[in-house]
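**Student:** So that we are looking at the same thing, I have put the structure below in structure tokens.
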Amino acid sequence: MSVHPYRKWAIGAGVVVLLVAVGLVAGLGGTPGGGRSGAPVLKKAQHVLKPQYSPPLTTAGGGSAQQQSDNAKIATANEGKGAQWAAIETLAAPAPVASRAFPAISNATRQGADTYASAFVSELLSIDFAKQSRPSLLAWAQSEMAPDTLPGTPARASTRILYANLSSSTSPVPTPATWSANAAAGVTWAVSGVNETIAPLWSDALATGWVPPDPRMVGLDVTGTLTITQRGHAPAERPFSLQLELGTAEYHSGYGALSVNKWTEG
């Protein structure tokens, strides 16, 4: 079952479209993905984490009439995707667990959107398939999750968006079958040259004066190089790109990953 709710909202004084790509697909997916890297991800946790996220204490945008109008439009658009949200709510997301294979990103690294994005993408896409497991990767990703706090997003679905992305057919994370084949073939991935810029549509939306409910919420365009090695083959370098949305982490103090979309590689 595929679910692709791309949220488009006309907000602000003009007709500015805020596109926060959630790109959700429930079920098995697979093109490249998953893993650990040499990025600054030193902090370890090997137990199920408890939520730390606290909603903002003040009304975003100061409760202005324009802010309220914008939020109402966003809520209406979100609430119109009831069937899509219902599918996401049924997903059995893994327990949020970091491990030695996939350690938690350090507290210092997660205090900046740029440093966190680089560390998250590097760990997600650098992997030794024979030594690391797909379930462990997805459990780590859930431990790095940020909930969607936009108006109209169902509470149960809000914490399953990242998992829905990463377990989808358009995810950078390979299917279980592909993961096993890569392990048998001695395939490893490594990430380098990660670069991130604020997504233009996100900048346009903020330029109208709209304020997101989560002060850390931001949409980024991320690029980098994926180096693929395999026994008996020369290393291959392939450029990649994706859209990454960040917010306040559910299980840590600082940034977390809300969604991963529009993965391209090669």
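The values are calculated or read from the model by the stated rules, or taken from the named source; none is laboratory data. The model shown is predicted, which means the values in this text are computed figures rather than measured ones. When we count neighbours, we look across all protein chains shown, and the Cβ atoms used for this are built from the backbone with ideal geometry, even at glycine. All accessible areas refer to the heavy atoms of the entire protein, side chains included, with ligands and DNA or RNA removed. Shrake-Rupley method; radii C 1.70, N 1.55, O 1.52, S 1.80 Å.
**Student:** For the structure I just gave you, tell me whether GLY266 is over 15 Å from the mean Cα position of the chain (by Cα), in contact (Cβ under 8 Å) with a residue 12 or more places away in the chain and loosely packed, with under 14 Cβ neighbours inside 10 Å.
**Tutor:** yes
**Student:** Name the residues in the stretch 135-155 that are in contact with a Ser or Thr (Cβ under 9 Å, 6 or more places away or on another chain), assigned to a helix (DSSP H, G or I) and more than 16 Å from VAL260 (Cα to Cα), would you?
**Tutor:** The answer is SER136, and nothing else.
**Student:** Kindly indicate whether VAL173 is assigned to a loop (DSSP other than H, G, I, E, B) and buried (at least 21 other Cβ atoms within 10 Å of the Cβ).
**Tutor:** Criteria met by VAL173.
**Student:** Among the numbered criteria (1) in contact with a strand residue (DSSP E or B) (Cβ under 8 Å, 6 or more places away or on another chain); (2) at pLDDT 95 or above; (3) farther than 26 Å from ALA104 by Cα, which single criterion is violated by ASP204?
**Tutor:** Failing condition for ASP204: (2).
**Student:** Let me ask you something else. Can you tell me how many residues in the stretch 214-227 are touching a residue at least 60 places away in the same chain (Cβ under 8 Å) and open to solvent by 30 Å² or more (accessible area, probe 1.4 Å)?
**Tutor:** 2
**Student:** Confirm whether ALA183 is part of a strand (DSSP E or B), open to solvent by less than 60 Å² (accessible area, probe 1.4 Å) and either in contact with a His (Cβ under 8 Å, 6 or more places away or on another chain) or over 21 Å from GLU144 (Cα atoms) (or both).
**Tutor:** The answer is no for ALA183.
**Student:** Look through the stretch 148-165, keep the residues that are within 10 Å of the chain's Cα centre (by Cα) and open to solvent by less than 10 Å² (accessible area, probe 1.4 Å), and return whichever of them is nearest to ALA98 (Cα to Cα).
**Tutor:** My answer is LEU162.
**Student:** From SER203, SER168, SER241, SER192, which residue is in contact (Cβ under 8 Å) with a residue 60 or more places away in the chain and open to solvent by less than 60 Å² (accessible area, probe 1.4 Å)?
**Tutor:** From the options SER203, SER168, SER241, SER192, the qualifying one is SER168.
**Student:** PRO172 - would you say it is touching a strand residue (DSSP E or B) at 6+ places or on another chain (Cβ under 7 Å) and closer than 18 Å to PHE102 by Cα?
**Tutor:** Yes; evaluated as a whole, the condition is true for this residue.
**Student:** Turning to a different aspect of this structure: Among the listed residues ALA83, ALA95, ALA104, ALA141, identify the single one that is modelled with pLDDT of 95 or more and open to solvent by 40 Å² or more (accessible area, probe 1.4 Å).
**Tutor:** Answer to the selection: ALA95.
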